[in-house]
Amino acid sequence: MIVVLLGPPGVGKGTQAAALAGQEDGWTHLSTGDLLRAEVEAGSELGRAARRYMDAGDLVPDEVMVGMVADRISRTGPDQVLLLDGFPRTPAQAEALAAAAPGGSIRLALYFSASDPVLEARLMGRGRSDDTREVIQRRLEVYRETTAPLIAWYRDQGILREVDAERSIEAIQEDVAGTIRSVLQEA
Ligand code: B4P
């Protein structure tokens with residue numbers, strides 16, 4: 001089963017996906033942000049190209065992102081849980097995901113929500129190189145314009161659940177784990 005984690009930058013998608021994958025057998029975390037940062041770190045051609053976008057708070061082009069994850073997604077077995085963190089982020093990526101995923105495997109989209117002041121405080125506290133005030137504003141703007149429409153897309157498919165992400169990390173983790181387990185049992 002593929003679980004899509006949606007929500008603005010800094011809402012805690014990566015924090016939750018990493019914690020859940022560490023706690024549950026057969027649950028894996030795929031973060032496109034982490035894949036990109038590994039390419040940047042390795043100094044690859046892709047990493048050098050991606051860095052320009054990431055440092056500006058813009059999205060890396062769809063064709064690069066789809067190429068990075070399509071194979072991994074197509075290999076998701078029915079008993080596995082793939083926590084997709086940061087992908088899709090555009091309507092084109094959502095279409096590509098639907099085409100690459102095994103039939104009926106996308107059964108849950110978790111929409112993590114928190115207010116802008118909370119997001120900004122968390123991102124400033126994290127202190128990654130793309131977590132400056134100016135770049136954070138740009139990322140929030142890009143999120144609202146390009147990624148937020150996916151909330152309605154998954155709601156229309158009847159698989160969207162909203163998660164109040166202003167609670168403690170532990171409270172959110174327990175809530176999300178319970179939601180995923182209940183959807184797994186519906187199979
Ligand atoms: P990402 O790596 O996906 O980063 P993010 O959205 O900023 O963070 P996330 O929501 O996972 O928050 P986190 O858990 O870290 O993207 C980075 C860049 O990569 C993008 O801007 C873009 O350029 C590029 N990119 C990635 N995917 C792409 C795609 N598909 N297409 C195009 N471009 C793409 O949490 C943030 C902080 O809050 C942490 O310090 C954490 O400890 C804290 N925190 C979390 N939960 C908390 C809680 N409940 N209470 C208190 N603090 C909490």
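FYI, it's all coordinate maths here, none of it is from the lab. On a predicted model such as this, the values are computed, not experimentally measured, just so you know. As a convention, Cβ positions derive from the backbone with ideal geometry for all residues, glycine included, and neighbour counts pool all protein chains shown.
Here are the numbers:
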| quantity | calculated |
| --- | --- |
| Top positive-direction residue, dipole computed over the chain with Cβ charges, set Ser182, Pro78, Val64 | Val64 |
| Derived scalar couplings ³J(HN,Hα) [the stretch 51-64; Karplus, 6.51 cos²θ - 1.76 cosθ + 1.60; whole Hz; x for Gly, Pro] | 4, 4, 5, 5, 5, 8, x, 9, 7, 6, x, 3, 5, 5 |
| Relative contact order (percent, whole number), the stretch 1-112, Cα cutoff 8 Å, 6+ residue spacing | 50 |
| Rel. contact order, % - alpha carbon contacts under 8 angstrom, at least six apart, the stretch 91-187 | 42 |
| Whole-Hz ³J(HN,Hα) from phi, Karplus 6.51 cos²θ - 1.76 cosθ + 1.60, for the stretch 174-187, glycine and proline x | 5, 4, 5, 4, x, 5, 5, 4, 5, 5, 4, 6, 6, 4 |
| Cα gyration tensor, the stretch 48-187 - rounded (a/c under 1.5), prolate or oblate | oblate |
| Max mean-square fluctuation residue, GNM over the chain, Cα-Cα springs under 10 Å, options Gln157, Gln80, Gln137 | Gln157 |
| Label-zone membership for the stretch 53-67, site Ala42, 7 angstrom Cα→C-beta point, backbone N under 17 Å | 64-67 |
| Efficiency of FRET between Glu145 and Asp34 - r from beta-carbon atoms, R0 25 angstrom, step 0.05 | 0.55 |
| DSSP-assigned coil residues among GluC sites (Glu not before Pro) in the stretch 1-72, each with at most 14 further Cβ atoms within 10 Å | Glu24 |
| Those residues of the stretch 12-31 whose amide nitrogen sits under 18 Å from the label point placed on Ser115, 7 Å along Cα→Cβ | 12 |
| Order of Leu5, Leu140 - criterion: other Cβ atoms within 10 Å of each residue's Cβ, fewest first | Leu140, Leu5 |
| Distance between modelled label sites at Val64 and Asp79, nm, 7 Å Cα→Cβ extension | 3.8 |
| The chain, relative contact order [Cα under 8 Å, separation at least 6], % | 34 |
| Length released on extending from Glu95 to Ser182, taking residue separation times 0.36 nm less the Cα-Cα span | 28.7 nm |
| Dipole of the chain [Lys/Arg +1, Asp/Glu -1 at C-beta], most positive-end residue of Gly14, Val163, Thr32 | Thr32 |
